[in-house]
Amino acid sequence: MPEFAMPPERASSAERPARTAKRRRRVAGAVLAALVVIGGSTAAIVQAVQRDADAAAAGALTAAALEYLGAISEGGGDAATAMVPVDGPAPLLGDAALVAAVGIQDLGVEGVEVDGDAATVVVQFRAGEQRVERRLEAVRDGGSWRLTTTVAERVVLDSAGLGALPEQLGASVDLVEGTLLYPGVYRTESFEHGIVTVEAATVVVDGDPGTAQPREPPRWRVPGGVLDEARALALSHATACQATGACAVPSGALLGLGDQATVDLGPDSAVEFVVPLRVLRDGTGEPTQLEVGVRARATAWAGIDWQCSAPIPRGSEPPAERAWEPCA
């Protein structure tokens, strides 16, 4: 007998819209999932590109900072200043001063922070025995990075000690405003400063303007007999002033030399003494003290020009500028 196959049942008109809607939901879900995948991939790509850009910037900034510090370490003051310009008096930022110094050591970059076209580089180095950390600012300029923070530090040189450095390098430096110096250990040779001899000095500049430079007072020697002469002149000057009644030395009081005089280096290579004197009223009672300023300056004919100031009570505030006159 012939076999008959029953034709598939057709969906009723009520079932067809339901199946169509289900298929549409499946297609929409697949499209949404595809969009999610595409969106996630795009975000990942953007993040990867940003990471690569930050890594490239960090590498460029690290290289720039090490090149800059390396120039200073190797005595290349001119090259360092060309990389990062400075603002201020800079007669000692050239190669000559750095070559004469012990350069910075143990250079390193501790971190890099990038914020758009600006960045900060944290560097470390050693100046002498001091470990220093500095934050150097940088900007993106024409597609490359440029440091904008110098490590040159303003240092006020004393009239002796490191003040010999400009003289030995043939430079002129303002001893009041100071000068910029790159970090390093600077040494000077012994030299003559007026009538005194200043011993060799060593000063460490760490390149951090926020820290004071520890410096020992310059060691110097006054020629033998000069202090004794200053003490004798102070006593005679006070005695002459007392005789004229032109100063605050009691009439009829006995004068004598007091305790140890103090000595300092003044302007124009002068040596300034403060000589204490003992005052006895009519030879009785407790002594009081005065002080007389004495200045000694070398003359062109290998002599000494002496000047004195009027006596004032010992321990009182001296005038900002003593009134100097020839010693009596």
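The values are calculated or read from the model by the stated rules, or taken from the named source; none is laboratory data. All of these numbers come straight from a predicted model, not from anything done at the bench. When we count neighbours, we look across all protein chains shown, and the Cβ atoms used for this are built from the backbone with ideal geometry, even at glycine. The protein model used for the area step is the full one, side chains on, heavy atoms only, and it has no ligands, DNA or RNA in it. Shrake-Rupley method; radii C 1.70, N 1.55, O 1.52, S 1.80 Å.
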### Task
Please go through segment 165-176 and pick out each residue that is among the charged types (D, E, K, R) and not in a loop (DSSP other than H, G, I, E, B).
Glu167
### Task
Hey, could you check segment 180-200 for residues that are hydroxyl-bearing (Ser, Thr, Tyr) and farther than 20 Å from Val271 by Cβ and say which is modelled with the highest pLDDT?
Tyr182
### Query
In segment 73-118, which residues are open to solvent by 20 Å² or more (accessible area, probe 1.4 Å), within 19 Å of Leu180 (Cβ to Cβ) and of a type in the set (Val, Ile, Thr)?
Thr81, Val86, Val99, Val102
### Check on Val121, touching a residue at least 60 places away in the same chain (Cβ under 8 Å) and either surrounded by fewer than 16 Cβ atoms within 10 Å (Cβ to Cβ) or outside any strand (DSSP E or B) (or both)
no
### Task
Within segment 177-195, track down each residue that is assigned to a strand (DSSP E or B) and either open to solvent by 10 Å² or more (accessible area, probe 1.4 Å) or over 30 Å from Tyr68 (Cβ atoms) (or both).
Leu180, Val185, Arg187, Phe191, Glu192, His193
### Message
Looking at the structure I just gave you, is Arg297 touching a strand residue (DSSP E or B) at 6+ places or on another chain (Cβ under 7 Å), at pLDDT 85 or above and open to solvent by 70 Å² or more (accessible area, probe 1.4 Å)?
### Response
no
### Query
Which pairs do you get when a residue that is more than 19 Å from Pro183 (Cα to Cα) and in a strand (DSSP E or B), found in segment 196-208, comes within reach of a residue that is open to solvent by less than 30 Å² (accessible area, probe 1.4 Å) and at pLDDT 80 or above, reach meaning Cβ atoms under 8 angstrom, with the pair 6+ apart or on two chains?
Val196/Val271
### Task
With the checklist (1) at positive phi; (2) at pLDDT 90 or above in hand, flag the one item Gly315 doesn't pass.
(2)
